[in-house]
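A short write-up of the structure that comes next.
Please treat every number below as a calculation from the coordinates, not as lab data. Given the structure is predicted, the values throughout are model-derived calculations rather than measurements. Note that each Cβ is placed from the backbone with ideal geometry, even for glycine, and that neighbours are counted across all protein chains shown.
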């Protein structure tokens, strides 16, 4: 929560004032990006021993927790009016997700569960839920709940997943 994709979703929703078109672009970009990431994760899981994967997964989730505590910024260099709301959202979201926490988490989850389709569906639904908040409720939500609390809650979840993975390494 509070990373560049939510900032981008909020920015595009306020610029275009067409939330369903923006959400369609987010959906398209997320499916493409996460299917690619899940494919990479599944490939990695077949080539890396399970104990090593559990250790990498633990470190990755703990790293995500730390990364989540630092707010992202969104560069305003893009000129999204040239291609319209759908294509602009699709391209900007696909690029914003490259090497982002969500894409890297998708790789890690696919490596753990070895299911391109289920991981892609799950991470896409999660992305739509979090970005949907930014698109439909962002301004009202941000006035009521400080972003630092949302980042702390998200970091806690990542730390919990990291702890579970560390436990798996210790008991393997």
Net lengthening on full extension, residue 117/residue 14 (0.36 nm per residue, minus Cα-Cα):
33.9 nm
Footprinting exposure proxy for 94, 61 (fewest neighbouring C-beta atoms within 10 Å first):
94, 61
Note down the nm distance, to one decimal, between modelled labels 7 Å out along Cα→Cβ at residue 83 and at residue 66.
3.5
